[in-house]
Amino acid sequence: MKHLAFDVSYFCHRGFHSTGNLKYNGIGTGAIQSFLTAVYFHCKKFKVYSPLFAFDSRKNYRKAIFPGYKNRQPANYQEELNRLEIFKQIAIIRKVILPAIGFKNVFLQTGIEADDIMAKLVRDNPHQIIILTGDEDLLQLVDQCSWYSPKTETLINEKTFREKYGIAPKDWKIVKALAGCSSDKIPGISGVGEKTVLKYLTGSLGENTVKMMDIKNQQQEMKKNNSILVDLPFPKTDSFKIQNNEFSQEGFKEICNQFGLKKLVENTDRWEKIF
């Protein structure tokens, strides 16, 4: 593999919950510090030193198609404040930090999610990318890439996917379309989850069961309604040109000093060595 594709929002949300209270000169830095630490750690782990950074757009084409898509309301006022703070730090990472360090592959497209960007990168650069995310929707791509979950430290490729699920990666979007996705607020067939759909696709679901009849009666409608929500990449996704990075020691030190990242600035030589 030649590149690591980072789901920036995933890493920032994950890191914020452990370092969210960090501030420097009144600016929140918890997500920033945890994200940069993760970039260095995973590039070293996989010995792949060409990171690609995919960002979510605030505007979302899928939401225009289905207003309930990812319609998650904050549980309380503090959760809403945390969400806004994470967005703020993600914007700083994209606009200020990554360009200053010399990372060239910073990808954002209006209306498009990070999932779509990573999917397009994979389809345009087959067998060259490891995707780093917690989003299992991207498993539909592992015929042409590897998928890694930092949370569970699980690496999945086409071989291990087929062994685990018994279907081809391209059929994973059928699983999502029929079972729905609770995290994205996509409704599926009532009472039918991923395990049931997998049994259906592998021929191990009882022929005369209620769930079999529900799938047969509703699958066409569910595919029609949900395919555009779960299929990656979204049709309007642009292609992105991968460039060589130009690490700036001066820029890295300046960023570390600006945001009080003392532990990182002490490792400037290590960063320069690998990037």
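Each value in this text was obtained by applying a stated rule to the coordinates, not by laboratory testing. Remember, predicted model here, so these are calculated numbers, not experimental data. Positions of Cβ are generated from backbone atoms using ideal geometry, with glycine treated the same way; all protein chains shown enter the neighbour counts.
The table below gives the values:
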{"read-out": "Three-way shape label, the range 1-121, alpha-carbon gyration tensor, a/c 1.5", "value": "oblate"}
{"read-out": "Integer Hz, Karplus 6.51/-1.76/1.60 couplings in order for the range 163-169, x for Gly and Pro", "value": "5, 7, 9, x, 10, 7, x"}
{"read-out": "Computed helical MRE - 222 nm, the chain, DSSP H runs ≥ 4 contributing -39500 (n - 2.57), nearest 500", "value": "-14000 deg cm²/dmol"}
{"read-out": "Computed FRET value (nearest 0.05) for ALA91 with ILE167, which takes r as the C-beta separation and R₀ as 41 Å", "value": "0.60"}
{"read-out": "Peptide ranges 3-11, 144-152 listed from the most packed, as the mean C-beta count within 10 angstrom indicates", "value": "3-11, 144-152"}
{"read-out": "Members of LYS241/LYS263; LYS59/LYS263; LYS44/LYS95; LYS2/LYS70; LYS44/LYS236; LYS63/LYS159 lying beyond 30 Å, as alpha-carbon distances in this model show", "value": "LYS241/LYS263; LYS59/LYS263; LYS2/LYS70; LYS44/LYS236; LYS63/LYS159"}
{"read-out": "Amide H contacts under 5 Å for SER248, placed H, 5+ residues apart", "value": "GLY102"}
{"read-out": "HN-Hα J in Hz across the range 49-57 - Karplus 6.51, -1.76, 1.60, θ = phi - 60°, x for Gly and Pro", "value": "10, 10, x, 10, 10, 10, 10, 7, 7"}
{"read-out": "Answer label, with Rg and Dmax of the Cα atoms in Å calculated from the coordinates and candidates (i) 20.1, 68; (ii) 24.2, 90; (iii) 17.6, 50", "value": "(i)"}
{"read-out": "Relative contact order of the range 68-225, pairs being alpha-carbon contacts under 8 Å that are 6 or more residues apart, as %", "value": "16"}
{"read-out": "Distance between modelled label sites at LYS224 and MET1, nm, 7 Å Cα→Cβ extension", "value": "3.9"}
{"read-out": "Loop-located trypsin sites (Lys or Arg not before Pro) in the range 232-275 whose Cβ has at most 10 other Cβ within 10 Å (DSSP)", "value": "LYS241"}
